[in-house]
Amino acid sequence: MRPTDILRAEHRVIEQVLDCLAVVSARARSAQTIDKESGAAILEVLTTFADKCHHGKEEDLLFPALERAGMNPGQGPTAVMKMEHVQGRGHLAAMREAMADNSASAARAYAEAADAYVALLRQHIQKEDHCLFGMADSLLSAEVQENLVHQFETVEVQKMGHGTHQRMLDLATSTAARLHVPFQITEGVTTCCCRTN
Ligand SMILES: [Fe+2]
């Protein structure tokens, strides 16, 4: 398995969580109140699984490997991806702030931040899947790719802690079921290096 196979499989999970977020956002707009239970679960999965774990693997391991292989760290594709990760964190912070408030204006602010996050992440994932990861597959040697897969395990254990990956998948699954959003976990995620069993 290539490192990009693991990251692509995680993208499929993140996209489905974005589907959930879009539903909660639309309801917040129409009902002028936020579904706090679903909103909190989605925020936890996006903060822990998408940002801390998935973006952590990219920022700490894949992008530096690409930059060592010749990509310009200041202006190249990895710089754009890192900038978009920062933008995403801003939207997550705005959602978190809005959820602490019960007003109609907070529900609108939540929906605005959520919609911006969904749009940002969807196009970000497209760029990685169809451009950056193909470059990684051809630029990085088999040895470097193998090392990256092993190093991803370190991110899982050190940044997430044992069992957190599965807990996030379970939380995403139960939230999608509550919202009636189709949710399927792809094989690349279930066979990920972070499995604790
Ligand atoms: Fe990604």
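Throughout, read-outs are computed from the coordinates displayed, never taken from laboratory work. This is a predicted model, so every value here is computed, not measured. In this analysis, Cβ positions are derived from the backbone assuming ideal geometry, glycine residues included, and neighbour counts consider all displayed protein chains.
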- Message: Restricting to the range 86-103, count the residues that are in contact (Cβ under 8 Å) with a residue 24 or more places away in the chain and either assigned to a helix (DSSP H, G or I) or of a type in the set (Gly, Ala, Ser) (or both).
- Response: 9
- Exactly one of Gln166, Gln145 is over 18 Å from the mean Cα position of the chain (by Cα), more than 21 Å from Ala26 (Cβ to Cβ) and part of a helix (DSSP H, G or I), and that residue is Gln145
- What number goes with the only condition from (1) farther than 14 Å from Leu121 by Cβ; (2) more than 11 Å from the ligand (Cβ to nearest atom); (3) surrounded by 14 or more Cβ atoms within 10 Å (Cβ to Cβ) that Cys53 does not pass? (2)
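Can you name the residue in the range 59-80 that is within 11 Å of the ligand (Cβ to nearest atom) and free of Cβ contacts under 8 Å to residues at least 60 places away in the same chain and, of all such residues, is nearest to the chain's Cα centre (by Cα)?
It comes out as Glu59.
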- Being touching a residue at least 40 places away in the same chain (Cβ under 8 Å), in a helix (DSSP H, G or I) and closer than 16 Å to Ala113 by Cα, is that true of even one residue in the range 10-18? yes
- Task: Determine, yes or no, whether Met83 is outside any helix (DSSP H, G or I), of a type outside the set (Gly, Ala, Ser) and within 16 Å of the ligand (Cβ to nearest atom).
- Result: no
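Checking the conditions here, which among Ala109, Ala65 is among the hydrophobic types (A, V, I, L, M, F, W, C), assigned to a helix (DSSP H, G or I) and over 30 Å from Val23 (Cβ atoms)?
The conditions single out Ala65.
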